[in-house]
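These notes are about the structure you will find just below.
The values are calculated or read from the model by the stated rules, or taken from the named source; none is laboratory data. Just so it is clear, the structure is predicted and the values come from calculations on it, not from any experiment. Here the Cβ positions follow ideal geometry from the backbone for every residue, glycine too, while neighbour counts run over all protein chains shown. To get the accessible areas, we keep the full protein, side chains included, count just its heavy atoms, and leave off ligands, DNA and RNA. Shrake-Rupley method; radii C 1.70, N 1.55, O 1.52, S 1.80 Å.
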Amino acid sequence: MSILSSLNTILQFVLGIYSWFILARVILSWVNPDPYNPVVNFLFRATEPVLAPLRRLIPGMGGMDFSPILAYFGIIFLEQLFNSLLQPGAGALLILLGQALQLLHLLGTFYLLILIIRGGVHLHSWYSFRYRRPSNLLRQQPWVRFVFQVTEPLLRPMRRWVPTVYGLDISPIVAMLFIFVALLILQKIILIISIPAALL
């Protein structure tokens with residue numbers, strides 16, 4: 001066994017243990033644990049340095065904290081990254097590039113789903129206003145606020161050149177089409193990269 005493969009085994013073991021720490025913290029958050037318990041204290045101290053920056057990056061929604069999910073996907077990506085680096089020659093670079101593009105595709109798909117929700121919110125608000133019906137969707141609701149916070153940086157500049165249709169802001173629909181086309185192109189690139197990587 002080479003030094004690199006030994007290091008990879010150690011790193012895989014450490015990352016696997018850390019993913020269990022994150023999972024344990026998620027489960028503990030459901031049961032409102034005693035903060036003075038030494039095990040709970042250790043889990044919070046071990047995972048907070050990773051989860052705190054992710055929490056600042058993506059805000060919570062309706063009391064839900066998405067930082068453990070991001071951390072878990074990050075650990076999976078790191079495990080695959082270390083495995084691909086052990087592949088000989090150009091195969092490692094192709095595998096690494098393919099995995100990075102797959103992660104980008106996953107994030108793009110998640111963002112597309114958020115844009116679909118925002119488009120639904122716009123349609124609901126427009127319909128309620130047009131037919132003078134009360135809207136139950138308040139901007140103060142945590143999940144609506146989360147959707148607007150995540151999508152507004154993309155939609156704000158688009159509104160300068162995307163017209164409204166009968167008072168309806170269609171910028172989320174235009175953004176959905178752009179991201180959908182980008183995801184299709186990305187899927188084709190991933191397929192092109194994965195075939196030679198599998199043959200190497």
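In the assembled protein chains, TRP161 presents an accessible area of approximately 150 Å² (probe radius 1.4 Å). On the basis of the beta-carbon distance and an R0 of 35 Å, GLU152 and LEU101 show a calculated FRET efficiency of 0.85.
The range 142-166 and the range 19-50 have Cα centres separated by 36 Å. The 3J(HN,Hα) values that the Karplus relation (6.51, -1.76, 1.60; θ = phi - 60°) gives for the range 38-49 are, in residue order, x, 5, 4, 4, 5, 4, 5, 5, 6, 9, 4, x Hz. Gly and Pro appear as x. Starting from the Cα of GLN187, step 7 Å toward the Cβ, then list every residue of the range 99-119 with an amide N under 20 Å from that point. Output list for this probe position: 99-117. A simple spin-label model places pseudo-atoms 7 Å from Cα toward Cβ; at SER125 and THR109 they are separated by 2.9 nm. Residues whose amide H comes within less than 5 Å of that of ASP169, counting only those at least five positions distant or on another chain, are absent (H built at 1.01 Å from N in the peptide plane).
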